[in-house]
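A short write-up of the structure that comes next.
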Amino acid sequence: MLKEERQQIILEKLGTDKKVTLVDLGQILNVSYDSVRRDVIELEDKGLLKKVHGGAIAHSYLSMKASKGLGIVDAEFVTIAKKALKLIENNRIILMDGGTTNFYIAEQIPKNVEVTIVTNNPHIATALAEHPKIEIILLGGSFYKRYQITMGSKTIQDLENIQADVYFMGTNSISYESGLAIRHFEESILKQKMMSISRKTVACVLEEKINREENYKVCDFEDLDYLITSLSPTDELLKEFRNKGVEVI
């Protein structure tokens, strides 16, 4: 089966079910997990779906509450969110950029927490619209359908007027030698700006992104203040990240 045929089937499946796992796609297409994963990443880069841990979802599905089922939310998301919420304190300004992990964390913020959330992700803003004590600042700019976020000069300009206490930064990859990187150049520049106006920077990273590399570097690992994963801080996979001046949670 040609790559184009596989990708068309993936899109048709999402059109019907709104969510799908990579394992299921591998069985449907009779190809390896890695082949499916590459197809999903390519489709995401074309703005045709959103890759999440273990699968993919239709863009429109992000507007639904995670409590109703992001569909592929698993124990890894839950563990990361529990750790991340310990860094969200009352009367703080929290900056959150795009990404499914940040979306899920935002969804889990308790109703008694009173903070200001600054984001360039309209889905996060919508998800928090009914939270009784959260003020939302949605950054302006051009809306990039591919990544479902705002970017550009207007977004940078809006950030000039903000001093965030904590920045939760999404990333496509992290390694000790290469640092944190993503797949889009302009977004890497935006993330650097977000770091510069934040007192603390947190990377919440799924296990599949550890020791991977992408094209556009955001920062060195040591530029972070916290690294949060679903793993124990003493896990062998995190060995290179310990004792580097970054708190591994």
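Of the strands (runs of 3 or more DSSP E) entirely within segment 6-60, none holds at least 3 residues that are on the phi > 0 side of the Ramachandran plot and either touching a strand residue (DSSP E or B) at 6+ places or on another chain (Cβ under 9 Å) or surrounded by 15 or more Cβ atoms within 10 Å (Cβ to Cβ) (or both). From the list I88, I10, the one residue that fits, being at pLDDT 90 or above and in the same structural domain as I197 (by TED's automatic domain parsing), is I88.
Annotation note: Cβ proximity below 9 Å between a residue of segment 150-177 that is within 14 Å of I137 (Cα to Cα) and in the same structural domain as V205 (by TED's automatic domain parsing) and a residue that is buried (at least 17 other Cβ atoms within 10 Å of the Cβ) and of a type in the set (F, W, Y) (sequence gap 6+ or interchain) occurs for T150/Y144. In segment 70-82, the residue that is modelled with the highest pLDDT out of those that are more than 18 Å from L227 (Cβ to Cβ) and not β-branched (V, I, T) is A75.
Looking at S35, S67, which is the one that is modelled with pLDDT under 80 and out of contact with any Gly (no Cβ under 6 Å at 6 or more places or on another chain)? So that I can check it myself, show each step before the final result.
Values: S35 fails: modelled with pLDDT under 80.
It is S67.
Selection within segment 152-178: residues that are at pLDDT 95 or above, buried (at least 19 other Cβ atoms within 10 Å of the Cβ) and not β-branched (V, I, T). The member of this set that is farthest from E222 (Cα to Cα) is L159.
Looking across segment 207-249, the residues that are modelled with pLDDT of 95 or more, assigned to a helix (DSSP H, G or I) and surrounded by 14 or more Cβ atoms within 10 Å (Cβ to Cβ) come down to F221, D223, L238, F241. Entry remark, segment 72-102: residues being out of contact with any Gly (no Cβ under 6 Å at 6 or more places or on another chain), farther than 21 Å from Q163 by Cα and among the hydrophobic types (A, V, I, L, M, F, W, C) number 6 in total. Residues in segment 138-151 that are surrounded by 17 or more Cβ atoms within 10 Å (Cβ to Cβ) and over 18 Å from the mean Cα position of the chain (by Cα): G141 only.
The values are calculated or read from the model by the stated rules, or taken from the named source; none is laboratory data. All figures in this text were calculated on a predicted structure; none of them were measured in a lab. All Cβ positions, glycine included, derive from the backbone under ideal geometry; neighbour counts span all protein chains shown.
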